[in-house]
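The values are calculated or read from the model by the stated rules, or taken from the named source; none is laboratory data. All of these numbers come straight from a predicted model, not from anything done at the bench. When we count neighbours, we look across all protein chains shown, and the Cβ atoms used for this are built from the backbone with ideal geometry, even at glycine.
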Amino acid sequence: MSHSIHTNPTRPAGKPTLTKPLIVSKAAPAARGPIPEQQRHVMIAEAAYYMAERRGFESGRELEDWLQAESQIETAIAGGNLPKG
């Protein structure tokens, strides 16, 4: 999974804009094997970013976003809803 991350000059520094949304499939978990830790980390970071974006990047909720994203990604992985690669 390779998503390009670009900085938008109209956004504050450090707020990347993802150019490609996360796409999931209904493939069986065994068909793909384990997700590499780096890919899992990127998936969680993207999900947390979108959560923060939806509420206007309100500060102070970064850990909450990360933990919620981590839970969602783990559930998706366990259920076989893996990203297309």
Close pairs (6 angstrom Cβ cut-off, 6 or more residues apart or separate chains): within 12 Å of ARG40 (Cβ to Cβ) in the range 69-80, of a type in the set (Val, Ile, Thr) anywhere: ALA69/ILE44; GLU70/ILE44; ILE73/ILE44; ILE77/ILE35
Tally time: how many residues in the range 46-75 are surrounded by 12 or more Cβ atoms within 10 Å (Cβ to Cβ) and in a helix (DSSP H, G or I)? 20
So is GLU58 charged (D, E, K, R) and free of Cβ contacts under 8 Å to residues at least 24 places away in the same chain or not? yes
Of everything in the range 31-66 that's among the aliphatic types (A, V, I, L, M) and more than 12 Å from the chain's Cα centre (by Cα), which residue is modelled with the lowest pLDDT? ALA31
